[in-house]
Amino acid sequence: MSVERIRTVVGHVVLMLGVVVSLFPFYWMVVMASNTTPDIFSYPPKLWIGSHLFENMGKVLDNIDFFGSMVITLIASLGVTVLVLFFDSLAAFAFAKYEFPGRNLLFGLLLATFMIPAQLSLVPQFVTLAEFGWIGSLKALIIPGAANAFGIFWMRQYAKGAIPDELISAAKVDGAGFFRQYLTVGLPVLRPGLAFLGIFTFINVWNDYLWPLIVMTDPNRLTLQVALDQLNGIYGTDYSMVMAGALMSVVPLIGVFLIGARSFIADLAAGAMKF
């Protein structure tokens, strides 16, 4: 067997091990969601999918307004994602392709915000939203996340290498202003980067627990993660029911990831063919 063949086999084995390690937590969640709580703590542990999945899912639906919370979470996730994609890509396009006074200073200040713990901004944000009268509304979930430093940094780095300066110069010769250059030159090239940022933002907002717990004061209007927390009892917890709720909340994310990843790969391939 040649050295190249051995390297190929070893590489495939390592990749397969990585796939197994990555998928096992999800499989174990399915196992726990489809068994009973005594089965979860039994020894030796049961490693096969049980027969109580739909029973546990029914318990979840009986204890919380799962679909109502899912709708609220979906609206918040889509709203934040759309705003982040627009504002972050717009700012990144300006930072990457335009020269203006204080550009480097502003970008440095933007990067400095990475060193500030997010928890420090919770109280100022809450007070500000309370002054606006937004506490308890969807605006409190969507507006504060409309732009973020990571998205601007990511899209700026992507735009610097992906958008040729010749395209910008040609657009200026044609009389295109900033927004027309952004729409006709920037966005088509930035689609792979936007696909990744969209997936990343949607999953983060969907899984967010702390901020919705603080600002959504109406018990009838909770996000999915906060509603799932109510499945934990004071004197005891049905872990099979909790894991069934977690499994139900993960399924939409898998769909979003598959759709976004497919678009991401397709746009990367199309861009490679163009260049």
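The values are calculated or read from the model by the stated rules, or taken from the named source; none is laboratory data. Bear in mind that the values here come from a model prediction, so they are computed numbers and not experimental data. Glycine gets a Cβ as well: all are built from the backbone with ideal geometry, and neighbour counts include every protein chain shown. The protein model used for the area step is the full one, side chains on, heavy atoms only, and it has no ligands, DNA or RNA in it. Shrake-Rupley method; radii C 1.70, N 1.55, O 1.52, S 1.80 Å.
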Tabulated pairs, the range 218-235, first modelled with pLDDT of 90 or more, second assigned to a loop (DSSP other than H, G, I, E, B) and open to solvent by 20 Å² or more (accessible area, probe 1.4 Å), C-beta under 7 angstrom, 6+ apart or interchain: Gln225/Asp208; Gln225/Tyr209; Val226/Tyr209; Ala227/Asp65
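Yes or no, residue by residue, for (1) open to solvent by 30 Å² or more (accessible area, probe 1.4 Å); (2) not assigned by the TED database to the domain that holds Phe95; (3) not in a loop (DSSP other than H, G, I, E, B):
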| site | (1), (2), (3) |
| --- | --- |
| Ala140 | no, no, yes |
| Ala147 | yes, no, no |
| Trp154 | yes, no, yes |
| Gln157 | yes, no, yes |
| Lys160 | yes, no, yes |
| Glu166 | yes, no, yes |
| Phe179 | yes, no, yes |
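Just one of Asp218, Asp174, Asp229, Asp208 is charged (D, E, K, R) and buried (at least 16 other Cβ atoms within 10 Å of the Cβ); which is it?
Asp208
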Among residues of the range 203-225, those that are assigned to a helix (DSSP H, G or I) and over 16 Å from Asp62 (Cα atoms), counted: 12
Residues (surrounded by 12 or more Cβ atoms within 10 Å (Cβ to Cβ) and β-branched (Val, Ile, Thr)) located in the range 9-32: Val30, Val31
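I'd like to know if the range 81-88 contains one or more residues that are over 24 Å from the mean Cα position of the chain (by Cα) and in the same structural domain as Val185 (by the TED database). Spell out how you get there, then give the answer.
Our first condition is that a residue be over 24 Å from the mean Cα position of the chain (by Cα); within the range 81-88, this holds for none.
Within the range 81-88, not a single residue is over 24 Å from the mean Cα position of the chain (by Cα) and in the same structural domain as Val185 (by the TED database).
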Residues that are assigned to a helix (DSSP H, G or I) and either loosely packed, with under 15 Cβ neighbours inside 10 Å or at pLDDT 95 or above (or both), drawn from the range 41-54: Phe54
Residue check, Pro38 without any contact (Cβ under 8 Å) to a residue 60 or more places away in the chain, in a loop (DSSP other than H, G, I, E, B) and not β-branched (Val, Ile, Thr): no
Looking only at the range 236-271, and only at residues there that are at pLDDT 75 or above, among the hydroxyl-bearing types (Ser, Thr, Tyr) and in a helix (DSSP H, G or I), the one that is most open to solvent (accessible area, probe 1.4 Å): Tyr239
Residues (under 21 Å from Phe153 (Cβ atoms) and open to solvent by 20 Å² or more (accessible area, probe 1.4 Å)) located in the range 186-205: Leu187, Val189, Arg191, Leu194, Phe196, Ile199, Phe200, Ile203, Asn204, Val205
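If you scan the range 103-127, which residues turn out to be under 24 Å from Arg156 (Cβ atoms), without any contact (Cβ under 8 Å) to a residue 12 or more places away in the chain and under 24 Å from the mean Cα position of the chain (by Cα)?
From the range 103-127, those under 24 Å from Arg156 (Cβ atoms) are 103-118, 121; that's our starting set.
Checking the rest, the ones that are also without any contact (Cβ under 8 Å) to a residue 12 or more places away in the chain come to 103-106, 108-109, 112, 115-118, 121.
Within the range 103-127, Ala112, Met115, Ile116, Pro117, Ala118, Ser121 qualify.
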